[in-house]
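Just below is one structure, and these are the notes that go with it.
Read-outs: derived from the displayed coordinates by stated rules, not from any lab. Computed from a prediction, not measured in an experiment: that's the story for all the values here. Virtual Cβ from ideal backbone geometry, glycine too; neighbours counted across all protein chains shown.
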2 protein chains.
Amino acid sequence: MPFHLDTFLPYLLSVAAHRTSARFSALYAAEAGLTIPEWRVLAHLDHSGAASVRDIHNLVHLDKSVVSRAASRLELAGLVQKEGDPHDRRLIVLQLTEDGRALMQRLSRVAGSFQAQILSELGADGPALARALRQLGPGQPGD
Amino acid sequence: MPFHLDTFLPYLLSVAAHRTSARFSALYAAEAGLTIPEWRVLAHLDHSGAASVRDIHNLVHLDKSVVSRAASRLELAGLVQKEGDPHDRRLIVLQLTEDGRALMQRLSRVAGSFQAQILSELGADGPALARALRQLGPGQPGD
DNA sequence: TTGACATCGTTGCGCCAGCAACGATACGGT
DNA sequence: ACCGTATCGTTGCTGGCGCAACGATGTCAA
C-alpha cells in the first residue's frame, strides 16, 4: 500500500505553519518590517520584561546566534535596549524601549485579531488544535 | 495587557512543526540520509507514480528549484530516474527506481508507525488536529 | 510559417538558520 | 589565591531555501 503524504502529520504541520506565518507576516509587514525572530524577541520581551539572550533562547526556541543578531538589529532600530547585567557581567539584559513598547502595543492588537480570525476559521477544532500543538511542542519528554 | 507568545497559533505551529519533523528525521536517518525535500519527493512519487517537477512543485509545496535539486541528488543516489517526456520535451518525468521503491517500502512502514505514535500521544485531539491543519494549509482561499 | 507569449526545468545569487569555535566572565574545589 | 571547568554572547562558516533570470520548448493567432 503506497504512502499518502497528504495525511502525514509532519507534512501537514510544516505546510500549515509556513502558510500561517506567511499570512501573519503580511499583516504586520504594514506596521513594521520585522523578521520572525525579531517579532518573537519583541513579543517575549513585551510580556516578560527584561530578559537575557539565554532566557529567550530557551523559552522561545531560537538559536542563541539568532537571538543575538535579532537583538542587534532591534537595538539599531531603537526598539530594544541592551545593557550589561551588573551582577553577572556575562549576561546581556534586553529590554523594550519606549518605541518598542509602543510598537508592541499596536502589534499585539494585530496579532490578537489575527488569532481571532484563525480561530473563527477553525470553528470547533480550534481548542483541540491548540492543545495538540502544545503537546507536540517542546517542553515535553526529551527536550 | 501584554501579549502572550505561548498561546499564539503561528508560534505554536512553527515549534510543533519543527520538533515533529526533527523527531521523524531522527527515525529515518537510520534508514537513509535524506533531507526533508528529498523525502517529500520520494513519498510523492511513491503514491503518484511518474510525475514532473512541476507536479511535485504544485502538490507538495516545494519551490521548483528545491524539487529540481532534490531530484538531482536522488538520481545520483540511484533512487529516482529522470527522463524526458516524449510528448512535451520541456517536461522531465520523475520515477522511482527499483531501489527507490524498496527504500520507500521500508520508509513508509517507519512513517506509519511514527504517525501511529503521534496519534496515540494526542489521544482524542488527533482527528481535530488533522482537520485543522488541512484547513490552515494551502489549497484554501487565496492560494 | 512566423512571431509573440506562456510554460518547464535549471542555475546564480542573496539571505538566514544552525553549528562550532572563540573570548570573556563566573563558579567550584583545593 | 589559583586553576580547571562551565556558562554567556558574539562571530565565522556552511548549507539550503526562496526569488529571479535564463534557455529551451510548446502554443496559439494572424
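Might you check whether a residue that is among the polar types (S, T, N, Q), away from chain B (no Cβ under 14 Å) and farther than 30 Å from B:Ala116 by Cβ occurs anywhere in the range A:113-131?
Within the range A:113-131, the first condition is being among the polar types (S, T, N, Q), and the residues that meet it are A:113, A:115, A:117, A:120.
Within this subset, residues satisfying the condition of being away from chain B (no Cβ under 14 Å) are none.
The answer is no, given that none of the residues of the range A:113-131 is among the polar types (S, T, N, Q), away from chain B (no Cβ under 14 Å) and farther than 30 Å from B:Ala116 by Cβ.
Which one of B:Ala16, B:Ala32, B:Ala22, B:Ala26 is away from DNA strand D (no atom under 15 Å from the Cβ) and more than 7 Å from chain A (Cβ to nearest Cβ)? Working first, answer last.
Numbers: B:Ala16 fails: more than 7 Å from chain A (Cβ to nearest Cβ); B:Ala32 fails: away from DNA strand D (no atom under 15 Å from the Cβ); B:Ala22 fails: away from DNA strand D (no atom under 15 Å from the Cβ).
Answer to the selection: B:Ala26.
Working only within the range B:86-101, note down all residues that are out of contact with any Ser or Thr (no Cβ under 7 Å at 6 or more places or on another chain) and within 16 Å of DNA strand D (Cβ to nearest atom).
B:Pro86, B:His87, B:Asp88, B:Arg89, B:Arg90
Of all residues in the range B:67-85, count the ones that are surrounded by fewer than 19 Cβ atoms within 10 Å (Cβ to Cβ) and within 12 Å of DNA strand D (Cβ to nearest atom). Can you show your working first?
Keep residues of the range B:67-85 that are surrounded by fewer than 19 Cβ atoms within 10 Å (Cβ to Cβ), which gives B:68-69, B:72-73, B:75-78, B:81-85.
Filter once more, keeping what is within 12 Å of DNA strand D (Cβ to nearest atom): B:68-69, B:72-73, B:84-85.
Total meeting the criteria: 6.
In this structure, does B:Ser52 turn out to be free of Cβ contacts under 8 Å to residues at least 40 places away in the same chain and within 15 Å of DNA strand C (Cβ to nearest atom)? Show your work before the answer.
Values: free of Cβ contacts under 8 Å to residues at least 40 places away in the same chain: no; within 15 Å of DNA strand C (Cβ to nearest atom): yes.
The answer is no for B:Ser52.
Could you list, in sequence order, the residues of the range B:110-134 that are surrounded by fewer than 13 Cβ atoms within 10 Å (Cβ to Cβ) and aliphatic (A, V, I, L, M)?
The answer is B:Ala116, B:Ala124.
Output the number of residues of the range A:1-25 satisfying the condition of being more than 15 Å from the chain's Cα centre (by Cα), surrounded by fewer than 16 Cβ atoms within 10 Å (Cβ to Cβ) and not charged (D, E, K, R).
Number satisfying all stated conditions: 4.
State all residues of the range B:1-22 that are part of a helix (DSSP H, G or I) and of a type outside the set (Gly, Ala, Ser); if no residue qualifies, say none.
The answer is B:Leu5, B:Asp6, B:Thr7, B:Leu9, B:Pro10, B:Tyr11, B:Leu12, B:Leu13, B:Val15, B:His18, B:Arg19, B:Thr20.
Please state which one of A:Arg40, A:Arg73, A:Arg101, A:Arg89 is assigned to a loop (DSSP other than H, G, I, E, B) and either basic (Lys, Arg) or over 30 Å from B:Arg40 (Cβ atoms) (or both).
Numbers: A:Arg40 fails: assigned to a loop (DSSP other than H, G, I, E, B); A:Arg73 fails: assigned to a loop (DSSP other than H, G, I, E, B); A:Arg101 fails: assigned to a loop (DSSP other than H, G, I, E, B).
Testing whether each residue is assigned to a loop (DSSP other than H, G, I, E, B) and either basic (Lys, Arg) or over 30 Å from B:Arg40 (Cβ atoms) (or both) leaves just A:Arg89.
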